[in-house]
Amino acid sequence: MVVGFSLNRNRRLSPSVHPASSAAAKQVFTTGEAAKICNLSQQTIIRCFDAGRLRGYKVPGSKARRIPRDELVQFMRSHHMPLDILGENDTVLLVIDRDSKTVDDVRRVVDEMGGYVVHSATTAYEAGVQTARLEPEVLVINPGVSNLDIAMVCQTLRNDRDQTDATVILLDESFSADMMHKGSELGITHFLQKPLKKDELITALMPTVNA
């Protein structure tokens, strides 16, 4: 079965966290607040804090832990968590490829560039779920993923009012002239060949990074 994307408007945030909350303005967070923002348990946040993976300080005279905003943002970026609830505007990038090395290569490049949060999917079904959940602004797609209809993907994105400006980049071993022509008509901006070249990916991504 060939799969495109059927996007619903399920948001990526935990039901207990409201986008209109004061998180975007806060500079210091409790472990409970950090847990809700990261969609983790409070005990997980406390363990990360105590192990030094999430930095902060304890309130003098008590055991209460506090996490500065910059440290929470760094923690979330290192774990590729969406930052929108904090008012940060990192570009959400979704890599759709079965090859874990390609995903790692893309992640290394964008981590060096900064300004992105990266997610990945290995199947057409997972790609559809991730796209609906994350609403990525950039999709890096291997057209060889089984049952993935690139034309349907592009059409669905263009028809969705929240993703009409999404950037689609294809990544494969080679592209025929016919495939590139049809892809360009679908709004695909770049056709990158494997093995991935760092400079080519940076060139393709530069217009997409949020200021």
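Among TYR116, TYR125, TYR57, which one shows the highest mean-square fluctuation when the chain is modelled as a Gaussian network with alpha-carbon springs under 10 Å? Among TYR116, TYR125, TYR57, the largest mean-square fluctuation in the Gaussian network model of the chain belongs to TYR57.
Considering only alpha-carbon pairs that sit under 8 angstrom and 6 or more positions apart, the relative contact order computed for the chain is 22 percent. Each part reduced to its alpha carbon centroid, the stretch 48-116 and the stretch 165-211 end up 26 Å apart. Just the number, please: percent antiparallel of the DSSP beta bridges in the stretch 46-193, rounded to the nearest 5. Here the share of antiparallel DSSP bridges comes out near 10 percent.
The relative contact order of the stretch 24-78 comes to 38 percent, based on Cα pairs under 8 Å that sit 6 or more residues apart.
Mean projected area of the convex hull spanned by the Cα atoms of the stretch 24-78, taken over all viewing directions: 3.6 nm². Helix content alone sets the calculated 222 nm mean residue ellipticity of the chain: runs of n ≥ 4 DSSP H residues at -39500 (n - 2.57) each, divided across all residues, give -11000 deg cm²/dmol. Assuming R0 = 41 Å, what is the FRET efficiency of GLU88 and ASP149, from their Cβ-Cβ distance, to the nearest 0.05? Efficiency for this residue pair is about 0.80. With each label modelled as a point 7 angstrom along the Cα→C-beta vector, the ARG98-ALA24 pair spans 4.2 nm.
With the simple model of a label 7 Å out from the Cα in the direction of the Cβ, ASP178 to SER41 spans 5.5 nm.
Computed about its Cα centre, the charge dipole of the chain is approximately 1200 debye, with only Lys, Arg, Asp and Glu carrying charge at their Cβ. Of the trypsin sites (Lys or Arg not before Pro) in the stretch 42-119, the ones in a loop by DSSP (not H, G, I, E or B) with at most 14 other beta carbons within 10 Å are ARG53, ARG55, LYS63, ARG98. Take 171-179, 197-205 and order them by the average number of nearby Cβ atoms within 10 Å per residue, most first; the result is 197-205, 171-179. Dividing the mean sequence gap of close Cα pairs (under 8 Å, 6+ apart) by how many residues the stretch 103-211 holds gives a relative contact order of 27 percent.
Since every read-out is calculated from the coordinates, none of them should be taken as a lab result. Keep in mind the model is a prediction, meaning the values are calculated, not measured. Reconstructed Cβ throughout: ideal geometry from the backbone, glycine too, with neighbour counts over all protein chains shown.
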